[in-house]
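Inspection log for the structure reproduced underneath, given as structure tokens.
The values are calculated or read from the model by the stated rules, or taken from the named source; none is laboratory data. Quantities reported herein were computed from a predicted structural model and do not represent experimental measurements. For neighbour counting, all protein chains shown are included, and Cβ atoms are generated from backbone atoms with ideal geometry for every residue, glycine included.
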2 protein chains.
Amino acid sequence: MPTIPVTHALRAVPFTQVTVDDLFWTPRLRANREHTLPAQYRHCRDTGRLDAFALAWQPGDPREPHIFWDSDVAKWVEAASYSLAEYPDAALQAQVEDVAVRIAGAQQADGYLNTHYTAVEPDKRWSNLRDCHELYCAGHLIEAAVAHFQATGSRVLLDAMCRYADYIGIVFGTGAGQRPGYCGHEEIELALVKLAGVTGETRYRDLAAYFIDQRGQQPHYFDTEAVARGENPADYWAKTYAYCQADRPVRELATVAGHAVRAMYLYSAMTDLAARGDATLRPALDRLWDDVTLKKLYLTGGLGPSRHNEGFTADYDLPNDTAYAETCAAIGLVFWAHRMLLLEGDCRYADVLERALYNGAISGVSLDGESFFYENPLASAGAHHRQGWFDCACCPPNAARLIASLGGYLYATRADGVQVNLYAAGTAALTLPDGAPLTLRVATRYPWDGQITLTVDAAPAAWTLWLRIPGWCRAWRVTVNGEAVAPEEARGAIGLHRTWQPGDVVLLDLAMPIERMEAHPRVAADHGRVALQRGPLVYCVEGIDHPVSVHQLTLPADATLSVRFAPDLLGGVAVIEGEARVLDASGWTHTLYRPAGAPVSQPVALTAIPYCCWDNRAPGEMAVWLATGPAGR
Amino acid sequence: MPTIPVTHALRAVPFTQVTVDDLFWTPRLRANREHTLPAQYRHCRDTGRLDAFALAWQPGDPREPHIFWDSDVAKWVEAASYSLAEYPDAALQAQVEDVAVRIAGAQQADGYLNTHYTAVEPDKRWSNLRDCHELYCAGHLIEAAVAHFQATGSRVLLDAMCRYADYIGIVFGTGAGQRPGYCGHEEIELALVKLAGVTGETRYRDLAAYFIDQRGQQPHYFDTEAVARGENPADYWAKTYAYCQADRPVRELATVAGHAVRAMYLYSAMTDLAARGDATLRPALDRLWDDVTLKKLYLTGGLGPSRHNEGFTADYDLPNDTAYAETCAAIGLVFWAHRMLLLEGDCRYADVLERALYNGAISGVSLDGESFFYENPLASAGAHHRQGWFDCACCPPNAARLIASLGGYLYATRADGVQVNLYAAGTAALTLPDGAPLTLRVATRYPWDGQITLTVDAAPAAWTLWLRIPGWCRAWRVTVNGEAVAPEEARGAIGLHRTWQPGDVVLLDLAMPIERMEAHPRVAADHGRVALQRGPLVYCVEGIDHPVSVHQLTLPADATLSVRFAPDLLGGVAVIEGEARVLDASGWTHTLYRPAGAPVSQPVALTAIPYCCWDNRAPGEMAVWLATGPAGR
């Protein structure tokens, strides 16, 4: 199979070569395998999403295939395939094969494959790319096919999707008789890059590049298309093509805007293409990265504060209680940050990846794997609660595919050796620069503490072991076989250059104190507030642990805080405990407002838990950012 | 004309006997007369609302009379009538008469009068009281008729509305052949009490009492009605009849809930009936009053924080930036508080009336009278801006009728004399207990300062002049003809008992310092924040007056604040000036979050303006509640 040149600084080690046996992640992976995937299969089956591929829908049948449905099934196939690669399961495999055959069976003679536009509105094919997710669904089907092929070796979906992609390549383009269009919801672009990767066919990468290059060009395709439908383009409900990052050519994008998930998928694809030779995309990517990470990102790695556009608003507009922060957007940021990390090799991208992964992405899934958040606010009055499924069900299977492929985010190879980007206990089968195999065994209780033991198992050879020093870490120590060493420090990592011997043991000790984080002064919502963070985990307080409303708590600057591992709480988590203050309400008789006096407060025991574990007991109040004063005494 | 006994402690002096010539209010009244009323007439005309009364709509005509439309026109007639009573205007009078004739001309032979259900859905009359505002529109037409009669003496609308009310009294009730229904949007109840008042016909009061008594009874009328429409009552979009205060009989209501305007109109009517002999309504009214004023009221007198139900949520849930706080709800609170004040004579009700009137109600109207807020948040990132009209146009004419009838809220008569409830410069023609006339002249710059001079002009007689001491006032002084006196203090007022001589001059001096207000500790949104208030006016800061985002400002507890009257600003307002602090962002290089350090801040000049005057310059940021620290130095 030919390979397409990639100018990555790092090359990701695929999840298929990584085994995770980790205090933090193994329960998540198990819940994903044992509960999430079966439940989502049932939802897809019971709502008619699987039957939709039979194309037998008739007017009057209530289970009309919705324009999103194919993508939900595709993401389940992708997630299930990842799981099968690591945890063979005959029953799951049979389900996946059945679904793959159903999907492939819905393909039309010309290669087209979409249940809604085949069974429900066959005369409307490609009539509304702006709103109707047709190429988005194609993209998810392609990602499913790639995952299915990688995990099982089966070509049943992959061949079908190559035919579909070839057909799409005929329909779309700037040539004579082609439609100069692209999808309102980006996704197919990154999927086509993946398809190019597994097939070695550059035409799929080129089709992705076409979709990227054509986006936002004038005359505007969405205008032309709307007129062709008999609509006035000015009646577009979102008012601006910035909603779908199509207000200008992508190389001219200056700020992140619009629907957050769409933006993340677009930037991911742009990064893929930048890594495959298109240097002209880099300036925009750098601008967009700075814009989102310096002005538009929640501490949790959540993003897109507004429900209105499921996306971005103004700089520093990061309200906590109304934060939309869709689970899929944090997952999309993981995708993008991982691609930027590989492209550049700079661990500052891994810092953002880790923040989103450990907080705002997995907060979307309950610990039992059976219920999900669509929105991930940073404060709740008590009504926000996970659900088993959604009519618009993008988030649950997106979380499933992320968690099932976790191992793929941990390690990378590079020209001079290997690099560990995230720390989770387990084993990785790596390849050294000279092609020799390396087995790296990692033992750690991360993120509950910062001690990581890495054992090298390879033939004696000289290469460099690069270990990421997380951005949150302000002090670290490293030894090799018990002896202190002075590694090279570069781009957020330390490099241990040596001739490694089998059994060499590296101990990395990352100091992991409790940090009181503050937000940039322009973040109005966090004014006068701090959030607790320890290691990669952002903490929150829940109503269930406190005798008063958590929104009344004040955390004085001099409050003593300590960490305790609570093995029986939430599957075992490190809690942060201390003494907060609560304003005394006893003097408030018969008034809601009064002239301000010196605050009078009482002590109250504070218990903070990891944000990613909230809402796993009774639904109730939650807050990430705590007022710091004036508390009074 | 017979009169219906009313057990009011106070009897309001109607606006027709009050002349307002006031620094604060006269420009508002003039803008209402010269801009608001003409503009709203044009909107009603140009949108087809006036033509709708011709009942000539045909399918296909785009200007289909909407179920709300009659109420918009009715409120305009009511407001215009109030204005005519005080400021004769031949052109306006001609418009009012024309509209009155148009309305009356739409009456059906049986007395029914509703443009939508006559012209558009004649077969659907009374089919959906829950959602379709049919009796609500009738109520506003009745209020218009009463105002029109009072202002002009014309019976053209009054007679038509008596016929309509008589017809409604035949249709609705618990008797054989009657519909045991009531309106989903309360309004007709208080209107019928007004109609009873001007006609002396007790049957209209009894019909109001029927609607109140029947509300929320089982079997539930809205269930029955939904089933009759072929619908499942469980499919009610609002999920609960608490949305329209019909989840239980009104005497069992324990907490304010649901749509805020509806709630205020219901409670107003309940108070009307309590004042007319139904003591069984009082316990619920007392509970509801305490609930809203102690747990659910913004500092501005705004209420109903949620956009979702245009209404109430949980206790102490008073978010600032997302506050819905509909203009109509604050106006409804003015109506209710005025009725409670009259019923009880206790000035604590006037305190709430004044808070809502001077802040959250008139904030709904621009100073030029030409644009309106539907929502009145207490913080804005800059996008909230008044508009000239709304598809759902309840607020603009509601504000117009409130402002046009302002004089009616100032004075009251009582068994032992007269009482001044609100202070505005002008003249009132009152009647003393013995029937003798009294002219009271008031000179003041209130609310810009707290000095009020009242001159008595009446034949020598012994009676008591009661002057309200506002709840916000912590020190006051009163003299009669320059001599200090020691008045009786009772129920929030001071009573000056004496044998008054013509020309007696009373000087009341209300200390009006700048107050830093704080909210109850359970109001999470205002945690660690203060708001500035001076006299009845709540202040806010606007972006246009500050070099940094107002959401970054911190107001330390020891900040010196001073008042300055700025004659050229916003038509002349007292501004509060001082030194705030702004956190120093210069150390924030390339990060959005960091471990919290000692805060470093810089001074910044603070200028606060009355909340009721915000958004009268360029649209921009606004905040009522300011962080108090930690500010650093």
How many residues are surrounded by fewer than 15 Cβ atoms within 10 Å (Cβ to Cβ), farther than 16 Å from residue B:131 by Cα and polar (S, T, N, Q) if we restrict to the stretch B:193-239? 2
Considering the stretch A:578-600, residues that are buried (at least 17 other Cβ atoms within 10 Å of the Cβ), in a loop (DSSP other than H, G, I, E, B) and not aliphatic (A, V, I, L, M), and then whichever is nearest to the other protein chains (Cβ to nearest Cβ), we arrive at A:588
Please work out which residue is nearest to residue A:366 (Cα to Cα), limiting yourself to the stretch A:601-633 and to residues that are within 9 Å of chain B (Cβ to nearest Cβ) and in a strand (DSSP E or B). A:623
Which pairs have Cβ atoms under 7 Å, sit 6 or more apart or on different chains, and link a residue in the stretch A:141-166 that is under 16 Å from residue A:205 (Cα atoms) to one that is surrounded by fewer than 24 Cβ atoms within 10 Å (Cβ to Cβ) and of a type in the set (Phe, Trp, Tyr)? A:158/A:149; A:164/A:112
Step by step: first the residues of the stretch A:235-264, then only those that are of a type in the set (A, V, I, L, M), in contact with an Asp or Glu (Cβ under 9 Å, 6 or more places away or on another chain) and assigned to a helix (DSSP H, G or I), then the one that is nearest to residue A:317 (Cα to Cα). Which residue is that? A:260
Can you work out which of the residues in the stretch A:485-507 that are in contact with a Ser or Thr (Cβ under 8 Å, 6 or more places away or on another chain) and not charged (D, E, K, R) is farthest from the other protein chains (Cβ to nearest Cβ)? A:503
Return the pair list, or none, for Cβ contacts closer than 6 Å from residues in the stretch B:238-249 that are without any contact (Cβ under 8 Å) to a residue 40 or more places away in the chain to residues that are among the aromatic types (Phe, Trp, Tyr) and surrounded by fewer than 23 Cβ atoms within 10 Å (Cβ to Cβ), at least 6 apart or on different chains. B:247/B:241
For the stretch A:368-380, does any single residue satisfy the condition of being touching a helix residue (DSSP H, G or I) at 6+ places or on another chain (Cβ under 7 Å) and in a helix (DSSP H, G or I)? no
Could you pull out every one of the strands (runs of 3 or more DSSP E) wholly within the stretch B:449-494 that has 1 or more residues that are surrounded by 15 or more Cβ atoms within 10 Å (Cβ to Cβ)? B:451-458, B:461-468, B:476-480
For the stretch B:167-184, what are the residues that are free of Cβ contacts under 8 Å to residues at least 40 places away in the same chain, part of a loop (DSSP other than H, G, I, E, B) and on the phi < 0 side of the Ramachandran plot? B:175, B:176, B:178
Only one of (1) crowded, with 24+ Cβ neighbours inside 10 Å; (2) not assigned by TED's automatic domain parsing to the domain that holds residue A:482 is not met by residue A:446, so which one is it? (2)
Residues satisfying the stated conditions in the stretch B:523-563, i.e. closer than 16 Å to residue A:594 by Cα, in a strand (DSSP E or B) and within 12 Å of another protein chain (Cβ to nearest Cβ): B:529, B:530, B:531, B:532, B:533, B:534, B:538
Selected residue [more than 30 Å from residue A:59 (Cβ to Cβ) and surrounded by fewer than 21 Cβ atoms within 10 Å (Cβ to Cβ)] from A:151, A:147, A:91, A:109: A:91
Has the stretch B:305-326 got any residue that is assigned to a helix (DSSP H, G or I) and within 15 Å of the chain's Cα centre (by Cα)? no
Could you list, in sequence order, all residues of the stretch B:552-573 that are within 11 Å of residue B:514 (Cα to Cα) and in contact with a Lys or Arg (Cβ under 9 Å, 6 or more places away or on another chain)? B:561, B:563
Looking at (1) closer than 22 Å to residue B:124 by Cα; (2) at pLDDT below 95, which is the one condition that is false for residue B:181? (2)
Index of the failed condition, residue A:301 passing every other in (1) surrounded by fewer than 21 Cβ atoms within 10 Å (Cβ to Cβ); (2) small (Gly, Ala, Ser); (3) in contact with a Lys or Arg (Cβ under 8 Å, 6 or more places away or on another chain): (1)
Would you confirm whether or not the stretch B:47-70 contains a residue that is hydroxyl-bearing (Ser, Thr, Tyr), buried (at least 16 other Cβ atoms within 10 Å of the Cβ) and in a helix (DSSP H, G or I)? no
For residue B:611, only one of the following conditions fails: (1) aromatic (Phe, Trp, Tyr); (2) more than 28 Å from the chain's Cα centre (by Cα); (3) buried (at least 20 other Cβ atoms within 10 Å of the Cβ). What is its number? (2)
So, residue A:255, is that one assigned by TED's automatic domain parsing to the domain that holds residue A:392, in contact with a Gly (Cβ under 9 Å, 6 or more places away or on another chain) and of a type in the set (S, T, N, Q) or not? no
Please go through the stretch A:194-207 and give me each residue that is within 27 Å of the chain's Cα centre (by Cα) and under 23 Å from residue A:221 (Cα atoms), ordered by number. A:204, A:205, A:206, A:207
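Let's see how each residue does on (1) closer than 21 Å to residue B:447 by Cα; (2) at pLDDT below 95; (3) in the same structural domain as residue B:462 (by TED's automatic domain parsing):
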position	(1), (2), (3)
B:496	no, no, yes
B:505	yes, no, yes
B:526	no, yes, no
B:532	yes, no, no
B:540	yes, no, no
B:544	no, no, no
From the set of residues in the stretch B:392-405 that are out of contact with any His (no Cβ under 8 Å at 6 or more places or on another chain) and not in a helix (DSSP H, G or I), which is surrounded by the fewest Cβ atoms within 10 Å (Cβ to Cβ)? B:392
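Residue by residue, here is whether (1) more than 28 Å from residue B:323 (Cβ to Cβ); (2) within 13 Å of chain B (Cβ to nearest Cβ); (3) aromatic (Phe, Trp, Tyr) holds:
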position	(1), (2), (3)
A:242	no, no, no
A:281	yes, no, no
A:300	no, yes, no
A:303	no, yes, no
A:308	no, yes, no
A:319	no, yes, no
